[in-house]
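See below for the structure under consideration.
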Amino acid sequence: MTASPPLAVLRADASPETGAGHVMRCLAIGAALGRRGVRCVLATRAATAQTIAAESLEGVERIELPDRGDHE
């Protein structure tokens with residue numbers, strides 16, 4: 001049985017109003033961790049996928065969190 005790689009879940013959102021700086025920094029961290037064998041997952045809301053380019057994910061998986069009425 002092979003051990004699973006370590007997992008890092010990065011949580012960030014972006015929108016045209018707030019910008020994508022925090023998400024881009026998280027993606028840079030995720031890419032660096034991925035090169036060291038860590039499986040990285042970015043947890044975001046749907047609006048984030050519309051704000052960042054898919055090619056920015058560079059080896060970082062993305063999961064979509066459910067939208068909440070009080071946080072967009």
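Using Cα springs under 10 Å in a Gaussian network model of the chain, which residue among 11, 39, 25 shows the largest mean-square fluctuation?
In this elastic network of the chain, the residue with the biggest mean-square fluctuation among 11, 39, 25 is 25.
Would you kindly derive the ³J(HN,Hα) couplings of region 7-15 from the backbone phi angles with the Karplus curve 6.51 cos²θ - 1.76 cosθ + 1.60 (θ = phi - 60°), listing them in order in whole Hz, with x for Gly and Pro?
Result, rounded to whole Hz: 10, 10, 9, 9, 10, 7, 10, 9, 7.
If one takes the longest principal axis of the Cα atoms in the chain, at what angle in degrees, from 0 to 90 and to the nearest 10, does the Cα axis of helix 21-35 lie?
That works out to roughly 10 degrees.
May I ask you to give the percent of accessible area on the chain that is carbon plus sulfur, with a probe radius of 1.4 Å? Write down the numbers at each step before the final one.
Details: 2680 of 4770 Å².
Accessible surface attributable to carbon and sulfur in the chain totals 56 percent.
To the nearest 20 debye, what is the magnitude of the charge dipole of region 25-72 about its Cα centre, counting +1 on the Cβ of each Lys and Arg and -1 on the Cβ of each Asp and Glu?
Result for region 25-72 is approximately 320 debye, rounded to the nearest 20.
Give me the accessible area per residue for the chain, probe 1.4 Å, as a whole number in Å².
Working: 4770 Å² over 72 residues.
Heavy-atom accessible area per residue stands at 66 Å².
Go through 15, 56 and list them by solvent-accessible area, largest first, probe radius 1.4 Å. List each step's numbers first, then the result.
Details: 15 15, 56 35 Å².
I get 56, 15, largest accessible area first.
Percent relative contact order of the chain, based on C-alpha pairs within less than 8 angstrom and at least six residues apart?
With pairs under 8 Å counted, the relative contact order is 34 percent.
The values are calculated or read from the model by the stated rules, or taken from the named source; none is laboratory data. This structure is a prediction, so every number in the text was calculated from the model and none was measured. Reconstructed Cβ throughout: ideal geometry from the backbone, glycine too, with neighbour counts over all protein chains shown. Each accessible area value is taken on the protein alone, full model and side chains, heavy atoms only, with ligands, DNA and RNA left out. Shrake-Rupley method; radii C 1.70, N 1.55, O 1.52, S 1.80 Å.
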